[in-house]
Amino acid sequence: MKQVFFCLVLCLIVVQPASAYLDLDELIPSLVSKGFDRIIESQADNLYGIIGVNSSDIQPAVSTMMAQKNDFLTNPSVQKEKNFTAFWYFVFYLIFLLAGGIAVMKESADPSSMGNTYGTWRNRYFEIAIIAPLVWAFYLYGLEWLFSLEYVMAKSAFLESMDFVSYSPTNVLAYLMRAISSVSIMLIFYYRYLVVGIVSEYFLLFAAAAFFPWTRSFARTVFTYGTVMLFSRLIMCMVLLGGTGIMSGFPAPFNKSILVYNVITIMALFSGVICILYPLIAIFANPIKYRITGALYD
């Protein structure tokens, strides 16, 4: 017991001169602040871990998705379903030609029609017989051209926006904000890839549904949503380009502020979320549009 007491006395003698130089009023808040900073930093690292990257390679991953080619049509899943949808599209086309041809002949043989060229089946028959092969050709050639156009425009806009700002965060809050925005952008692009990939896989079946009145509205909604999601990257890149262009005109140090860039990124993310929610927004926007139009004419 005496030995333990003797050791404690020696420790107090050694520590006492050093503690005279320490201000606990400054030390404790500093330790608490560093603790909160470490918590925030760990949360940002956890966000990076959600999508399987870390803080060192998140920006290259985001940049790659912002400027990568639209390889939806070369995706193995799309290629696997491509022949399936093309086959059934061709089957539906042949069935329509045969069944529609019989209906047209009956309509022509009907004395009540008197050779009326505006018969119900006659117009529908020639419309689908001519347009359906053009849709097939567009899927084989024109759709890829449309994807390439979006890629060139989005890549140009994004590369221009990268010239204006440094992506290095200056504090833990900026680090966390960059983590949230980067992970959100990655998730938006995962969802974009999913939607556009599904539309690409079953493009011809949706096109076949668009030929008939009872499924036309559904097919039109799917195509519109697919187009919106395809160009959502371009919309986000244009927001980044416009925002960073305005930011470059700010006086220093705001023209290189990561906080200002985070605000621009949030605006780009907001535009991406609007694209994702387009079907819901369209449901509520149409009645409002009709009310406004009616009010203007009244």
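Coordinate-derived values only; no laboratory data. This one's a predicted model, so the numbers in the text were calculated from it and none came from an experiment. Here the Cβ is made from the backbone with ideal geometry for all residues, glycine too, and neighbour counts use every protein chain on show.
Please work out the FRET efficiency for the pair Val91 and Leu277, using the Cβ-Cβ distance as r and a Förster radius of 51 Å; give the result to the nearest 0.05.
E(calc), rounded to 0.05, equals 0.90.
By its C-alpha gyration tensor, with a ≥ b ≥ c as the square roots of the eigenvalues, how is the range 186-225 shaped: rounded for a/c under 1.5, else prolate for a/b larger than b/c, else oblate?
prolate
I'd like the FRET efficiency for Ala137 and Gln59, computed as 1/(1 + (r/R0)^6) with the beta carbon distance as r and R0 of 51 Å, rounded to 0.05.
The value I calculate is 0.80.
Please give the net charge around Trp214, taking every other residue with its beta carbon less than 14 angstrom from that of Trp214, where Lys and Arg add +1 and Asp and Glu add -1.
Taking every other residue near Trp214 into account, the sum is +3.
What distance in nm lies between label points placed 7 Å from Cα along the C-beta direction at Ile246 and Leu98?
With each label point 7 Å from Cα toward Cβ, the separation is 6.1 nm.
If I take R0 = 30 Å and measure r between the Cβ atoms of Asn83 and Thr224 in this structure, what FRET efficiency does the formula 1/(1 + (r/R0)^6) give, to the nearest 0.05?
The pair Asn83/Thr224 has a calculated efficiency of 0.70.
How large is ³J(HN,Hα), in whole Hz, for each residue of the range 199-205 in order, when computed from phi with the Karplus curve 6.51 cos²θ - 1.76 cosθ + 1.60 and θ = phi - 60°, using x for Gly and Pro?
Values per residue, Gly and Pro as x: 4, 5, 5, 10, 4, 5, 5 Hz.
Going by a ≥ b ≥ c, the root eigenvalues of the Cα gyration tensor, does the range 176-284 fall in the rounded group (a/c under 1.5), the prolate group (a/b larger than b/c) or the oblate group?
prolate
Got a sec? Which residues in the range 68-105 would a label at Tyr190 touch, if it sits 7 Å along Cα→Cβ and we count backbone N under 16 Å?
Zone members listed by number: none at all.
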